[in-house]
Structures are given as structure tokens and as C-alpha cells.
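Read the structure below first, then the notes.
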Amino acid sequence: MVIPANPEKSVSSHDSGMEWWKKTTVYQIYLRSFFDTNADGIGDIQGIIEKLDYLKDLGYETLWISPFTQSPQRDFGYDISDYHSISPQYGDMETFEKLVQEVHSRNMKLVFDLVLNHTSNEHSWFKESASSRNNPKADWYIWKDGKGRNGMTPPNNWRAMAGNRAWTYYPERRQFNYTAFLPFQPDLNYHNPEVKQTMFDVARFWLNKGVDGFRLDIISAIYEDPELCRNPASFRITPSDKSLTIFFQNLKNNFLQAKSFEFATELRSVIDEFDHPKRVLIGESHGNEELISQFCYSNGKNGLNAIFLFKAISMPFKAEKYREMLMTFEKHFPEPLIPTLVFANHDRTRIITRLGGSIEKAKLLALFQFTCRGIPFTYFGDEIGIPRVRIPLRQGKDAIAIQHKWVPQFLVDNSVEILNRDECRTPMLWNEKANAGFCTDSAEPWLPVAKNFKEINVEKQRGEPHSLLNFYKKVIHLRNETPALHQGSLEIAHDLCTKRILAYYRVYQAEKYMVMLNMSNSRAINPMKDVELLLSTHPQGEAHRLQPFEGRVMKLGSA
Ligand code: NOJ
């Protein structure tokens, strides 16, 4: 990709006026599981308000909350039935407005999930659209005639991202309806200008309430090929760097269309109507970095401010692999673009479980995440090391688990990746009281709390100087206080990198810092002399040797 002289035109990162979202840190709150204040076993908006000081104290600036508007909750809010009102199980508009106010009074930002791609099939728009071929909303969703003599064969072979067939037959219209995710989440038709304007107005409605921006759910699916060309077969089951694959099909024609990049630039002009303060758009897309960087900049125009880079989630914990990943991120998201640093979310396995339960590795990963160039995202509870909680597929409340309940359990148990997303959505562990302090004793949490909550919880780790929680706090504060770490450039120290060591510099004006990570289980020489040690994952280490899995941030002389 050729990076133009000046996308994100007004400000370069060496300007102290760098935009807030490039320097920010994001904490993702899975609302249902964060903190319940009304004893129904489900987290709520008031619960976030009550925990804001916890997040502020850790040093996070931006909060991203999962969807909370009206929904039948078949995909826990990612199936919206009304974009303008709040689901009563989470609170009401007054409480939401209070949340915005409380967040801003702490100099923090609030971003939430905007599900533009699809609605619930219980949305009144869809009900109307599905009722006949000639109602006013007939063209609001994607409808096609079937093939074959009786029209009962789907229009093409497309699969949805969730693995199922992308087409569902509706007898009322005698047509097939397209869904990029699950069959109860019909895709809106963005070729229809009325739909586009309605959804842009949804964004404006919330921006007027003071929201600082959006995480754009499954933005990769916003357009599909209007010719409905068949998707080619693939050898893979899951997406790779090279292709967006699901269950042996490359989703080439129903995802990542050129028109979607153009859409990103249109949406950017909507949020740019709101200038004080500037708002942010962070897109969710799989796909290779070169391709998806076009969501941020295409055809001479700025698009989304950032796009999730999921490569890090499944990256083997190896110095060489991390170095390659950094090189890729820097290549496709050079300044003034910015990469994202994402290691977990509400769809994927918990970090600590991926790392085999190692707190040492979790600290090292946090050191990496908060010291390299990019926007770091923490999924709630990873700061204390909440593990994957095993919940059999057959007991799953998650729609993906329900869809896959036929999969033999032993296959899931032996896989690092989860199929039942309940396993990474279990409640926050606040203390050692009943239900880990997530809800009252008398309430039943909507998902079970991790069994070892007496050992792993916020209150306990607060009191332990070397806990994972206190390490997160230290590294986030160091990042916040050090311009080079939150807005400096990044140079990989190739001469110091080995199979075991990853080293890079962060530079801002005359200040230069080195971050060195020993990603192996043996000691390693630290060749850096005359440096000031600012932070180590192993505070009792030796000056000239790095302990197994030790990482350090060091200040060098003038650059
Ligand atoms: C991606 C979200 O992360 C996931 O949780 C959701 O189920 C799908 N999009 C569908 O909206």
C-alpha cells in the first residue's frame, strides 16, 4: 500500500496536538458480565458507573461497552430491535446519560458498539420488509429469488462468518434473505440510500448524546458483491492472513468489498460533523493487514480511525513471531496511521488460558502491549487473569454454541480456540464474597463465576504489590506519563533481536527508550549499559541479565 504524504491530514504524531484516540488506552466492558447492581445476575449500566474509579485508577482512558439497546438478546445485544432505546435489563436512558457525564467528568472517553451491518429479525423494519415484496421497507434488507425449478435452492453458495449458510428462505416473500452472521441477524441493504441515511442518523443520535465514538461491529460485511458471484473453495476452516475463510470457503465475494472502504470514508464524514471533541471509529474486520488498512485510508480519503488487527490474538508467544508482527503492523499502518494491539475480546479465548496460566508471560505480554506503537485494548478481567471457564457446548447460552452443539465435546476441550463464547464471558471477579462480588448472594449470575475466584480477584490483587493487576497499573501509568510510549515512533532494534529476545526503541523528540523482552525460559544477557531502568516485570532481577520471561523498559540518553 502506498501511504500518502498526509492522510489524517491536520496533525502529525510529532505534534503535541496529536489526536486523543491515537494516544489512548481502551478497556472493553462486556456489560452483562461486569457488575450487577439490581440483583438480577446481569451486569448493568449503573454497574459501570460504580466501577469507573477502578478503571480510572488503573490508568485507562477509553471505555468500550458492548451493545445495550433493545434486543431479543439472542446474540446478547448484537441483534438490535430498536437503536434508540435501552434494553431495560441494562438500565434506562437517564442512567446512560449519567454514565456519559460521569465518564467525561473523569476525563475519560466512552465508545460503544454500533451494529450497522444487521438488525435482529425482530426489528420492526425487518418484520415489515419480510411481510411482502412491495411494502415500503421491501428493499431495506437483502432479498433474492432462489434458484432451481421451484426456486428453493439458495441464490449462491455463500457461507456466513458464523459458519452457517448465508441464506434463509422466507415463505411470505418466497425469497431468500441474506445474513453475514447468524440467520436471525439479517443484513441491512446499504445499496439503498434511505437505509444508509437512517443508519447515519442513528450514529448522529448517539454522538449528540456525547458518545466519543464507536466500535463498528463486523464492518467487513457491510457490502457484498451485487452480482452474487460464487465464493471459491479454500483448504482452511478458519481465517488466515491470506484469506477470510470459514469452513473451507473463502468469503471473497460477501466480505471486504471495495465499496466497504468507500463506506468507511462516508462514515468518517459523519463523525467529523462532531468536532469538539473529535470522535473515533474503530472497525472490526478480519483479513490481511494490507487489505484492511484500506478501511483507514483509501482513494485519497481518511476512513476509520483504526481497525482491529486480530493477528496478535493467536500469535505464538515467540520473539521472532512478535518481531515479524511488529514489522507487518509498521509496514501497513505507518504514521500517521496507527495499529491496534488486541489480544483478546468477548469472542475469543482468555489470554491467561492461551498462555498456559503463566502470570510471568501475562506480564510480559502487557509490557509489550502498552509499550509498542498502537492503541492497546484490554478485555475486562484480563488485568487480573480471569481464565477460560469450561462450559459444555450443550449448556451454552451463546448462539454460536447453540448452533454447534453437535460438535463432539472432546474436540472443543482440546482446542485453544473456543466455540462456546460463554467461556470467555463469565463475570468479573471483584472480591472473595459470594458470586465474586459480581452480584449479590441471593442473585444467580447469568453465567457461572470462575471457581478459583478466591485466589483471583481485584481486591486480593490490589493488596499484592507484584500482582498482575498492579503490573497492569504500573505499565499503563508509565505509558501515560511518557510521551515516547504513547506518541513516539517505533524502531525495531534488529541487531539486538534474537530467537529469544525482542527489542525496540520508542523515540519522541530528544527522548529515547528501549523495551527489551526475553520471551524464553532461559536467562539472557542485557547488553544495555548506562540506562535507567524504569520498569521490569521482575523487579528483583539482575542488572546485566534478563530473567526467563523478563521484560524491561529502559531510558537511554539523548536521541
Ligand atoms: C462480532 C461480535 O464481536 C460478535 O460478538 C457478534 O456475535 C457478531 N459480530 C455479530 O454481531
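Some points to look at:
- With the whole protein complex present, W167 retains an accessible surface near 20 Å², based on a 1.4 Å probe.
- The chain - share of DSSP beta bridges that are antiparallel (%, nearest 5): 65 percent
- Binned Cα-Cα distance frequencies in the stretch 428-545 - 10 Å width, integer %: 11, 30, 27, 18, 12, 2
- Coil-residue GluC sites (Glu not before Pro) of the stretch 141-250, DSSP, other Cβ within 10 Å capped at 14: E172, E227
- Surface share of carbon and sulfur [accessible, 1.4 angstrom probe, percent] for the stretch 400-559: 53 percent
- Taken over the stretch 57-114, the alpha-carbon convex hull comes to 87 cubic angstrom per residue.
- Shown for the stretch 224-362: the carbon plus sulfur share of the solvent-accessible area, taken with all protein chains present and a 1.4 angstrom probe, equals 52%.
- Heavy-atom accessible surface of the stretch 270-316, averaged per residue, reaches 35 Å², computed with a 1.4 Å probe.
- F126 accessible area, 1.4 Å probe, all protein chains in place, Å² to nearest 10: 10 Å²
- In this structure the stretch 439-559 gives 48 Å² per residue of accessible area when probed at 1.4 Å with all protein chains present.
- Taking every lysine pair in the stretch 318-469 that is 8 or more places apart or spans two chains, those with Cα atoms closer than 27 Å amount to 24.
- With R₀ set to 22 Å, the beta-carbon distance separating E273 from D82 gives a calculated FRET efficiency near 0.40.
- Along the axis of the charge dipole computed for the chain (Cβ charges of +1 for Lys and Arg, -1 for Asp and Glu, origin at the Cα centre), the listed residues I65, L393, P88 are led at the positive end by L393.
- Under a model in which nothing but the beta-carbon of Lys, Arg (+1) and Asp, Glu (-1) is charged, the stretch 367-449 shows a dipole of about 220 debye around its Cα centre.
- Looking at the stretch 56-129, the accessible area is 33 square angstrom per residue; that uses a 1.4 Å probe and ignores ligands, DNA and RNA.
- Residue among S132, A180, N157 farthest towards the positive dipole end of the stretch 114-212, charges placed on Cβ: N157
- Largest-first ordering by accessible area, 1.4 Å probe, given options M428, M327: M327, M428
- Selection among P527, T440, L490 by position relative to the dipole of the stretch 428-532 gives P527 as farthest towards the positive end (Cβ unit charges, Cα centre).
- Dipole in debye (nearest 20) - the chain, about Cα centre, beta carbon charges: Lys, Arg +1; Asp, Glu -1: 1600 debye
- As a size descriptor, the averaged projected area of the C-alpha convex hull of the stretch 377-468 was calculated at 6.9 nm².
- The stretch 320-378, Cα convex hull volume normalised per residue, Å³: 91 Å³
- Using a probe of 1.4 Å on the protein chains alone, the accessible area found for H494 is around 90 Å².
- Residues with amide H under 5 Å from that of L534, placed H, sequence gap 5 or more: V553, M554, K555
- When you filter the trypsin sites (Lys or Arg not before Pro) in the stretch 488-553 for DSSP loop state and at most 14 other Cβ atoms inside 10 Å of their Cβ, you are left with K499, K529.
- Directionally averaged projected area (convex hull, Cα atoms, the stretch 285-341), nm²: 3.8 nm²
- Compared with the rule-of-thumb size 2.2 N^0.38 Å for a compact globular protein, the stretch 34-78 has a Cα radius of gyration ratio of 1.30.
- Net charge contributed by nearby residues that have their C-beta within less than 12 Å of D212 (K/R +1, D/E -1): +3
- Electrostatic tally near L546: other residues with Cβ closer than 10 Å to its Cβ, Lys and Arg +1, Asp and Glu -1, net +2.
- Rounded D (µm²/s) - the chain, Kirkwood Rh over Cα pairs, Stokes-Einstein at 20 °C, 1.002 mPa s: 87 µm²/s
- Residue order for D92, D82 - accessible surface, 1.4 angstrom probe, largest first: D92, D82
The values are calculated or read from the model by the stated rules, or taken from the named source; none is laboratory data. Everything numeric here is computed off the predicted structure, so don't read it as measured data. Every residue, glycine as well, gets a Cβ built from its backbone with ideal geometry; the counts of neighbours run over all protein chains shown. Quick note on the areas: whole protein, heavy atoms, side chains included, nothing else; ligands and nucleic acids left out. Shrake-Rupley method; radii C 1.70, N 1.55, O 1.52, S 1.80 Å.
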